[in-house]
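Contents: one structure, followed by commentary.
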Amino acid sequence: MGPVELLHMSVFSQTFSPCGRFLAAGNNYGEIAVFSLSAALSPDATGMSQKPILTFAAHEGPVFSLISTDTHLLSAGNGEISAWSWAELTKRSTKALWTRRPNYKTSLEIPEINAMIVNSKDNSLIVGGGDNNIHIMDMETGTFKSVLQGHKDYIHCLSFREREGELLSGGEDGAVRIWGELIAHQCLQKSLLVSVTYLGECTRPQFGKWIGCLTTDSDWMLCGGGPALSLWHLRSMSPTSVFSLAGCQREAVFYQDLILTVGEGPYVSHCVPGGTVKAQIPSSSPSLNTLTLNLNSNEHRVMTTAGSSDQIDVFTNFSYRAFSLSF
Amino acid sequence: MSTDPLKKRKTKVIRGDGGTPETKRIRGDADQDVRVYNEEVELEGRDTEQDYILYKSTCEAVAKLMAEIQDLKASGAKEGSMEVEERRRRGSVHFIALKKLNRMAHMRLKKARDQTHEAKQRVDVLHLQLQNLLYEVLHLQKEIGKCLEFRSQHEEIELVSVDEFFQEAPAEISRPHLTKEDPHQLTLARLDWELEQRKRLAEQYKSSLCTKEKILKGIEMKKEYLNSLQPGLQAIMQASLPVQEYLSMPFERVQKQAEVARHLPPPLYVLLVQASAYGQACGKRMCVCVYVYVSDTNLSVSISGDVDEAKALSRPPEDSQDDESDSDAEEEQQNTMPALFIWTLNVSLVHAVKRSPPSCDVDGSILHLFFYYLMNLNILTVKVKVSASADLSGAISAGELLNPESLLNCLYASDHGQETPNPANRYQFDKVGIVSFADYVAELGHPYVWVQSLGGLHFSSDSPQVEGPHSSLSASHMESTMKLLRGRLQARLALHKQFSSLEHSIVPVSNECQHLFPAKVVSRLAHWTMMSYEEFVELSFVQHVMKAGLVRNTDLFFMATVERGTARLQAAVVLNPRYPEITPLFSLSLLWKGERSGRTDDNLRAMESEVNVFRSELQGPRPGLQLLTNQMQRLCVCLDVYLETESQVCDGSEGPREFPREKMCLRTARGPNRLKPFKYNHPQGFFSHR
């Protein structure tokens, strides 16, 4: 990676290892880098500990999504999903355990995979991507059980309502679809279209209608992207507050009683569910794509953000940026 | 007392002198009773003790008498009374006795003294004899010592050892029966033998001296003979010159050049040797002509690797270069640096292009390199001049490209040629008060590190020691440096041509690279101008490149403006002097319904990435000289795609689109940041995502 390539690098996805000591990040060149968080956070950390312990080429296309199960790291590349063992990765062995492809209809251009979620109830992997469909794969057998169709344009983000067992998906067409129970039974029971464009407060036509980020904690849903980031009450299907943030948001999470969100603009926004933006913490990249919290580990409870640069910012105290890891 | 006071009136007393009582006859007094009276004799008979007692008693008596007289006189006796007179008489008698005693004492004393004196004399005589004898003894001892120490000359002669002597000497000299017992005889025999041998050797010496003289004389004669041949040879050489010219084997010139070259300082000599060797080796593709100028004599000799090419392509450069070196020589006299003696060596790279690929347009251009050796500073510097075969006055923005000051900048990475590479020069500069060498670079040439390497001078940065010039260092660098120089000249001339085309708003795309772009490109290049480093730094959208450390003040900066309709895209280009090894870097800023840059808009960033990162696609056929123009063309194509796929309208209304969709795209957005399809797929002609 020469300096020019580093200049044009974007990091799209990150995830923490199940033990919470390692961070994996994927970039637009198809590489995955594994960082040792415990080394970077230790008191005698040097410049070298902010570099990855392992960098390898995982896919041909950009790695848009990474998730961690109890033992595996799953990465999504150009239309394929690869699994890597965390234990092997920490020993610097880069052999994929398996690589699977959902069944795509189009053959001219390979659709990307933008979002992946693991449904722990029936041990299945749900992926959504460029072919406008949601594919569900059984983790044990590795076969793709079902396809959920309905979106008119490609899918940006997925979220899972634990309590009800429902899946939410947001796409480029501006719709948030809720896929109901019995999705495990391979048939679509209920899909509720939440069409955000009708609701004037959120819409921002100059940005478009695409839904970039989606997250839920069973009663509430956050969605944003082209429209402004807004908090919805799911039972009544109505927005309760709209956050006035300048750019388009790409990722949002609930944390304790705060909402943390990143998107265009070099900052992390802390918002209160009431609708006010409490703080905007500056970060090193001009715009941010991904934000993750290390909830697996108690002593390394950090937040990391990354976006359109080769730097991954680490926030030990969520109010300021402590240091940056770099590819 | 033997003397009787009564006797003194009548008898004549004859006193004897000397030690022995003698009898003296008195004349005419035969009847008298001559009493011989010798007091000395008498002296021996008397006893000193008794005399002393007598003296004491006499003194007492006198004292007593005086006292009596005193008493009498005191008691009133008159003058001349009998008692007084008697006592006076008795006193006188005592007085006489005292006188005698006194005389005795004196005589005794004298006698004793005489005796002592005599004894002393005897002792002195003996003492003297002793001294004499001792002295003589000492003298004799010294003489004996001298005799014993005497080294006769014969002992200084190195003689052969005894065994050898007995072995070698003939019997009549060695006489073993005699010499074995008697060391004296042995030594004599050995000396004899020595003498004989030396005589014999002296004879031999004389005879060999004679032969040596004879031989020397013979040599002299032969030398003279050879010298007499020299003029004849010269005449033959002169006569053969036309033959050499006819046959194109310029031995004469080579020899002359070699002679002049012998006087060159070592680094220039190494450079000359390596350059001419390389010139001969590289043959048709590149021609190296080497001229040597000595500052004061203007002697110019040339050798060339390929005479046909040099003659066919190079105009006679002697005149212009004569002036060059003349003016250089004059300049040197006026400078304020401590006396630098300058040697000039000129190496010309002629681009002989017969078989090179047809896209390489440089044909017959000459790159002149003038190498100078600064003796006091012990560094080599270089000045450059380009004489191109084509007309170079077309492009305004290309003014910097062939600027002789910066043409050879950064031939190797970070070799700026502004500071002297010899650390020892720092001390010399401090003495004279010169702060930096950069001020004198214009006069004296650039001291690039590769120039030092070509001359075999190696300066390590740790120690100020400078080793002598190594020709192995020069040889290993010569080929790579010549290749780099050729590449640099080629690249700059190509860029020159491209710039003149760019300034006329035409992006020249060669036939081999047409497949990279679609047939119809609507965006067009409106302006192409040059910028200075200060202007570049002021731009707001290039700060990320500066922060990444990819920009230096030795780079060249340009501003390209691409327009389509109301949209205006500004691209700031950083061109490294080592183009095309280093890809030019583009930074974009779009003015269309507001200002966006690569920092704020992910799609513009993707366009930058498309143009900057994919060098392997864009560089075209082998020398890679199409890189910049291909990048420009790709930029125009990407702007087309960007504008045509832009769907957002600012005011919310769906009015007529300014840029109708003409490019074929499967999807207009992909991925979390919804990038546009910038990648062109060739035969099918559609755009896709990377």
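The values are calculated or read from the model by the stated rules, or taken from the named source; none is laboratory data. A quick note: this is a predicted structure, and the numbers were derived from the prediction, not measured. Positions of Cβ are backbone-derived with ideal geometry, glycine not excepted, and every protein chain shown enters the neighbour counts.
Filter region A:110-122 for residues that are touching a residue at least 12 places away in the same chain (Cβ under 8 Å) and either over 23 Å from A:ALA58 (Cβ atoms) or crowded, with 19+ Cβ neighbours inside 10 Å (or both) and give the result.
Keep residues of region A:110-122 that are touching a residue at least 12 places away in the same chain (Cβ under 8 Å), which gives A:110-119, A:121-122.
A:ILE110, A:PRO111, A:GLU112, A:ILE113, A:ASN114, A:ALA115, A:MET116, A:ILE117, A:ASN119, A:LYS121, A:ASP122, listed by residue number.
Answer yes if at least one residue in region B:644-665 is under 19 Å from A:GLY79 (Cβ atoms) and either more than 8 Å from chain A (Cβ to nearest Cβ) or at pLDDT 85 or above (or both), and no otherwise.
As a first pass, look at region B:644-665 and keep what is under 19 Å from A:GLY79 (Cβ atoms): B:665.
Okay, now just the ones that are also either more than 8 Å from chain A (Cβ to nearest Cβ) or at pLDDT 85 or above (or both), so B:665.
Yes.
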Pair list, Cβ < 8 Å and 6+ apart or interchain, from region B:666-680 residues that are in contact (Cβ under 8 Å) with a residue 40 or more places away in the chain and at the interface with chain A (Cβ under 10 Å from one of its Cβ atoms) to residues that are among the basic types (Lys, Arg) and not in a loop (DSSP other than H, G, I, E, B):
B:ASN673/A:ARG250
Which residue, of A:SER324, A:SER287, is within 14 Å of chain B (Cβ to nearest Cβ), surrounded by fewer than 22 Cβ atoms within 10 Å (Cβ to Cβ) and touching an Asp or Glu at 6+ places or on another chain (Cβ under 8 Å)?
A:SER324
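Per-residue answers, yes or no, for (1) among the polar types (S, T, N, Q); (2) touching a Phe, Trp or Tyr at 6+ places or on another chain (Cβ under 8 Å):
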position: A:SER82; (1), (2): yes, yes
position: A:SER85; (1), (2): yes, no
position: A:THR99; (1), (2): yes, no
position: A:ILE126; (1), (2): no, yes
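I'd like to know if region B:177-184 contains one or more residues that are within 30 Å of B:GLN255 (Cβ to Cβ), in a helix (DSSP H, G or I) and without any contact (Cβ under 8 Å) to a residue 60 or more places away in the chain. Before the answer, list the steps.
Restricting attention to region B:177-184, the residues satisfying the condition of being within 30 Å of B:GLN255 (Cβ to Cβ) are none.
No, region B:177-184 contains no residue that is within 30 Å of B:GLN255 (Cβ to Cβ), in a helix (DSSP H, G or I) and without any contact (Cβ under 8 Å) to a residue 60 or more places away in the chain.
For region A:1-22, name all the residues that are farther than 24 Å from B:VAL542 by Cα and more than 14 Å from the chain's Cα centre (by Cα). Explain how you work it out, then say what you get.
Taking region A:1-22 and keeping what is farther than 24 Å from B:VAL542 by Cα, we get A:13-22.
The answer is A:SER17, A:PRO18, A:CYS19, A:GLY20, A:ARG21, A:PHE22.
Going through region A:233-289 one residue at a time, which ones are of a type in the set (Lys, Arg) and over 16 Å from A:ARG204 (Cβ atoms)? Give the derivation first.
Residues of region A:233-289 of a type in the set (Lys, Arg): A:235, A:250, A:278.
Matches in region A:233-289: A:ARG235, A:LYS278.
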Pair list, Cβ < 6 Å and 6+ apart or interchain, from region A:220-238 residues that are part of a loop (DSSP other than H, G, I, E, B) to residues that are surrounded by fewer than 24 Cβ atoms within 10 Å (Cβ to Cβ) and of a type in the set (Gly, Ala, Ser):
A:GLY226/A:GLY208
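Okay, residues lined up against (1) out of contact with any helix residue (DSSP H, G or I) (no Cβ under 7 Å at 6 or more places or on another chain); (2) surrounded by 10 or more Cβ atoms within 10 Å (Cβ to Cβ):
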{"residue": "B:LEU130", "(1), (2)": "yes, yes"}
{"residue": "B:LEU134", "(1), (2)": "yes, yes"}
{"residue": "B:CYS147", "(1), (2)": "yes, no"}
{"residue": "B:PHE150", "(1), (2)": "yes, no"}
{"residue": "B:GLU156", "(1), (2)": "yes, no"}
{"residue": "B:PHE166", "(1), (2)": "no, yes"}
{"residue": "B:GLU194", "(1), (2)": "yes, yes"}
Given the conditions (1) free of Cβ contacts under 8 Å to residues at least 12 places away in the same chain; (2) within 16 Å of B:GLY565 (Cα to Cα); (3) of a type in the set (Lys, Arg); (4) in contact with a strand residue (DSSP E or B) (Cβ under 9 Å, 6 or more places away or on another chain), report the number of the one that B:LYS593 does not fulfil.
(1)
In this structure, does A:PHE35 turn out to be touching a residue at least 24 places away in the same chain (Cβ under 8 Å), crowded, with 22+ Cβ neighbours inside 10 Å and in contact with a helix residue (DSSP H, G or I) (Cβ under 9 Å, 6 or more places away or on another chain)?
yes
Determine whether region A:65-72 contains at least one residue that is within 14 Å of chain B (Cβ to nearest Cβ) and either out of contact with any Asp or Glu (no Cβ under 8 Å at 6 or more places or on another chain) or part of a loop (DSSP other than H, G, I, E, B) (or both).
yes
Check region B:144-166 and report whether any residue there is assigned to a helix (DSSP H, G or I) and within 30 Å of B:LEU54 (Cβ to Cβ).
no
Can you confirm whether region A:49-60 contains a residue that is among the small types (Gly, Ala, Ser), at negative phi, in contact with a Ser or Thr (Cβ under 9 Å, 6 or more places away or on another chain) and crowded, with 23+ Cβ neighbours inside 10 Å?
yes
Matching option when the condition is assigned to a loop (DSSP other than H, G, I, E, B), crowded, with 16+ Cβ neighbours inside 10 Å and touching a helix residue (DSSP H, G or I) at 6+ places or on another chain (Cβ under 8 Å), among B:PRO660, B:PRO677
B:PRO677
Would you check which residues across region A:73-101 are part of a loop (DSSP other than H, G, I, E, B) and either among the aromatic types (Phe, Trp, Tyr) or more than 14 Å from chain B (Cβ to nearest Cβ) (or both) and list them?
A:GLU80, A:LYS91, A:ARG92, A:SER93, A:THR94, A:LYS95, A:ALA96, A:LEU97, A:ARG101
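Scan A:HIS59, A:HIS135 and give me the residue that is within 14 Å of chain B (Cβ to nearest Cβ) and over 21 Å from A:PRO18 (Cβ atoms).
Values: A:HIS135 fails: within 14 Å of chain B (Cβ to nearest Cβ).
Only one candidate passes the filter, namely A:HIS59.
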Residues being within 14 Å of chain B (Cβ to nearest Cβ) and among the hydroxyl-bearing types (Ser, Thr, Tyr): count how many of those fall in region A:102-132.
3
Across (1) among the aliphatic types (A, V, I, L, M); (2) surrounded by fewer than 24 Cβ atoms within 10 Å (Cβ to Cβ); (3) under 20 Å from the mean Cα position of the chain (by Cα), A:ALA76 clears everything bar (2)
Would you pick out the residues in region A:229-254 that are within 28 Å of A:PRO286 (Cβ to Cβ), surrounded by fewer than 23 Cβ atoms within 10 Å (Cβ to Cβ) and of a type in the set (A, V, I, L, M)?
A:LEU231, A:VAL242, A:LEU245, A:ALA246, A:VAL253
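Would you confirm whether or not region B:586-595 contains a residue that is basic (Lys, Arg) and over 23 Å from B:HIS527 (Cβ atoms)? Spell out how you get there, then give the answer.
First pass over region B:586-595, keeping only residues basic (Lys, Arg): B:593.
Add one more test, that the residue is over 23 Å from B:HIS527 (Cβ atoms), and what stays is none.
No, region B:586-595 contains no residue that is basic (Lys, Arg) and over 23 Å from B:HIS527 (Cβ atoms).
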Only one of A:GLY150, A:GLY174, A:GLY128, A:GLY170 is touching a helix residue (DSSP H, G or I) at 6+ places or on another chain (Cβ under 7 Å) and either in contact (Cβ under 8 Å) with a residue 12 or more places away in the chain or not basic (Lys, Arg) (or both), namely A:GLY174
B:GLU172 exposed (fewer than 10 other Cβ atoms within 10 Å of the Cβ), outside any loop (DSSP other than H, G, I, E, B) and charged (D, E, K, R):
yes
Working carefully through the options B:GLU535, B:GLU503, find the one that is farther than 26 Å from B:HIS682 by Cβ, among the acidic types (Asp, Glu) and loosely packed, with under 15 Cβ neighbours inside 10 Å.
B:GLU535
What residue, among those in region A:10-20 that are touching an Asp or Glu at 6+ places or on another chain (Cβ under 9 Å) and buried (at least 21 other Cβ atoms within 10 Å of the Cβ), is nearest to the other protein chains (Cβ to nearest Cβ)?
A:SER10
